1. What order do Met251, Met225 take when sorted by accessible area (1.4 Å probe), most exposed first?
2. Please give, to one decimal in nm, the separation of the simple spin-label points placed at Ala55 and Glu8, each 7 Å out from Cα toward the Cβ.
3. What ranking of Val266, Val221 comes out by heavy-atom accessible area, probe 1.4 Å, highest first?
4. Considering only DSSP beta bridges whose two residues both sit in the chain, what percent are antiparallel, to the nearest 5?
5. Quick one: which residues, 5 or more positions from Leu283 or on another chain, have an amide H under 5 Å from its amide H? H modelled 1.01 Å from N in the peptide plane, none for Pro or chain starts.
6. If every alpha-carbon in the range 25-109 counts as one equal scatterer, what log10 I(q)/I(0) does Debye give at q = 0.14, 0.17 1/Å?
7. Report the charge-dipole magnitude of the range 152-297 in Debye, nearest 20, computed about the Cα centre from +1 at each Lys and Arg Cβ and -1 at each Asp and Glu Cβ.
8. Around Gly124, with a cut-off of 9 angstrom between Cβ atoms, what is the net charge of the other residues, counting Lys and Arg +1 and Asp and Glu -1?
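The values are calculated or read from the model by the stated rules, or taken from the named source; none is laboratory data. These numbers were taken from a predicted model, which means no experiment stands behind them. Note that each Cβ is placed from the backbone with ideal geometry, even for glycine, and that neighbours are counted across all protein chains shown. These accessible areas exclude ligands, DNA and RNA; they are computed on the full protein's heavy atoms, side chains included. Shrake-Rupley method; radii C 1.70, N 1.55, O 1.52, S 1.80 Å.
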Amino acid sequence: MAFESLSEKLQNVFKNLRSKGRLTESDVKAAMKEVKRALLEADVNFKVVKTFIKAVQDRAVGQDVLNGLNPGQMVIKIVKEEMEALMGSTTTEIQLKPGNEITVILMAGLQGAGKTTTTAKIAGKYKQKGKRPLLVACDVYRPAAIKQLQVNGEKQGVPVFSMGDKMNPVDIAKASIEHAAKNGNNIVILDTAGRLHIDEDMMTELIAIKQAVDVHQTILVVDAMTGQDAVNVAKDFNEKVGVDGVIITKMDGDTRGGAALSIRSVTGKPILYIGMGEKLDDLQQFYPDRMTSRILG
Ligand code: GDP
């Protein structure tokens, strides 16, 4: 096998220590080297790894090894528990307003992250649940983006509100909410413009939309394949625009998904869903425990 899993590695570290009943400082340090390597290989942010390792180490040293476990398994147990404490132990949903009140969801993210696709995926989920979503084309800089949203909306059987590419996104957002109120739509999902990199104009525009309409949830879409960059993007958006939850796309790729742990740790905001492919039903709920196993390998 090309890759040894973390638990196999830890079994090796503790091979000669199996009779010990308590984890000593030097045992734990040896184990932490392997844990650290596994996390860095999974693309978890270096600072996050450092803090995490310290927390695990502080907890593990001096711990009695539970009956039925060997020291390697005991360390894995502590690592998993600490990781779940960090990522949350339950799934988190996008918060909707009660009853038939209109919930406005603002979708943000860099160009290419998968924002437009994810916007349509979410609309489909809500439609299935009996909601009446409206998709709104606020990306006026790329006519192709408007078209893409319209095509995806049609595939999902969800209406798309567009005013072309001549109006500004704030006015489009405002008009879309009036349109929703008239047409009985109770979820308005704003697909905003991304840029290749974080820039002031993009942030300013998102803030302007948030000031002009009553955005209930701001959802950031990031690309798992960008690894460490995804963390910086999440930190920046959260500090400048404010984010309520994160969706990580392209988790069907060969990334271990360390971005999930880093983003949660750096922003404190929940991961809501993960994108698992290009098709419009390839969106899955985010399960922290599954991600823990994926990251640790
Ligand atoms: P936007 O610029 O952020 O709106 O990004 P798009 O929605 O246009 O997506 C960019 C590319 O990523 C498209 O080719 C999508 O099909 C693809 N994409 C989006 N989400 C996923 C995903 O979860 N997995 C995979 N493999 N591709 C995705």
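1. Numbers: Met251 5, Met225 100 Å².
From most exposed to least exposed: Met225, Met251.
2. 2.9
3. Working: Val266 60, Val221 0 Å².
Sorted by accessible area, descending: Val266, Val221.
4. Working: 4 of 30 bridges.
The antiparallel fraction comes to roughly 15 percent.
5. Those lying under 5 Å, H to H, from Leu283 are Met276.
6. Evaluating at q = 0.14, 0.17 Å⁻¹ gives log10 I(q)/I(0) of -0.60, -0.75.
7. Details: 15 positive and 21 negative charges, 76 e Å.
With Lys and Arg at +1 and Asp and Glu at -1, about 360 debye.
8. Details: positive: Lys121, Lys125, Lys127, Lys155; negative: Asp281.
Counting the neighbours of Gly124, the net charge comes to +3.
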